[in-house]
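Just so it is clear, none of the values below were taken in a lab; they were calculated from the coordinates. Quick caveat, the model's predicted, so the values are computed rather than measured. So basically every Cβ, Gly included, is an ideal-geometry build from the backbone, and we count neighbours across all protein chains shown.
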Amino acid sequence: MKKIRTEKQRLYYDKVISLYRDKHMGKTRISKIIPVSDWTISNWIRTFVSENPCYKNNRMKQAEERSKKKAVLESVDNPVPNDLKSLKEEVSRLRKALKDESMRAALYDEIISVAEKQFNIPIRKKAGTKQ
């Protein structure tokens with residue numbers, strides 16, 4: 001159960017939840033009836049739904065389904081090629097990308113070393129845990 005922290009919450013929380021749960025009203029309609037901001041009502045409803053998952057409305061369920069479908073589609077968009085030639089091309093492309101990133105890391109390391117020598121200040125984080 002949610003802890004009541006403010007006077008407004010003590011006065012209006014139960015009414016907001018009953019309008020949401022029983023009358024199936026949205027936050028905008030509820031905010032026209034009860035003198036509490038949309039944002040506050042959204043937070044109360046979100047808290048209520050997280051405590052009682054059986055009251056998720058269709059929009060929330062659809063949004064979750066869309067995000068799951070999007071994740072699946074993104075993983076399917078870049079399938080692994082089957083033929084040998086395209087696999088070799090993919091490997092060579094990835095090796096080139098790895099080489100470029102390794103050179104970039106070495107460049108950053110050298111830049112830090114030069115800056116440490118030039119300004120006489122330690123930039124790199126010390127190894128080990130704080131004691």
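Observations
- Backbone amide hydrogens, once placed in the peptide plane, bring GLY26 within less than 5 Å of nothing, excluding anything fewer than 5 places away on its chain.
- Taking other C-beta atoms within 10 angstrom as a stand-in for reagent exposure, LEU11, LEU84 fall in the order LEU84, LEU11, fewest first.
- Kirkwood hydrodynamic radius of the stretch 80-119, from inverse mean 1/r over distinct Cα pairs, in Å: 12.2 Å
- In plain terms, the residue of LYS70, LYS15, LYS126 with the fewest other Cβ atoms within 10 Å comes first and the most crowded comes last, giving LYS126, LYS70, LYS15.
- In order along the stretch 29-37, phi translates into HN-Hα couplings of 5, 5, 5, 6, 8, 10, x, 9, 5 Hz, rounded to whole numbers, per the Karplus curve 6.51 cos²θ - 1.76 cosθ + 1.60 with θ = phi - 60° and x for Gly and Pro.
- The phi-based Karplus calculation (6.51 cos²θ - 1.76 cosθ + 1.60; θ = phi - 60°) puts the 3J(HN,Hα) values of the stretch 99-106 at 4, 4, 5, 5, 5, 5, 4, 5 Hz, whole numbers, x for Gly and Pro.
- Here the stretch 7-74 was treated as a single set of alpha-carbon atoms; its pair distances binned every 5 Å from 0 give 3, 16, 26, 21, 14, 8, 7, 4, 2, 0 percent.
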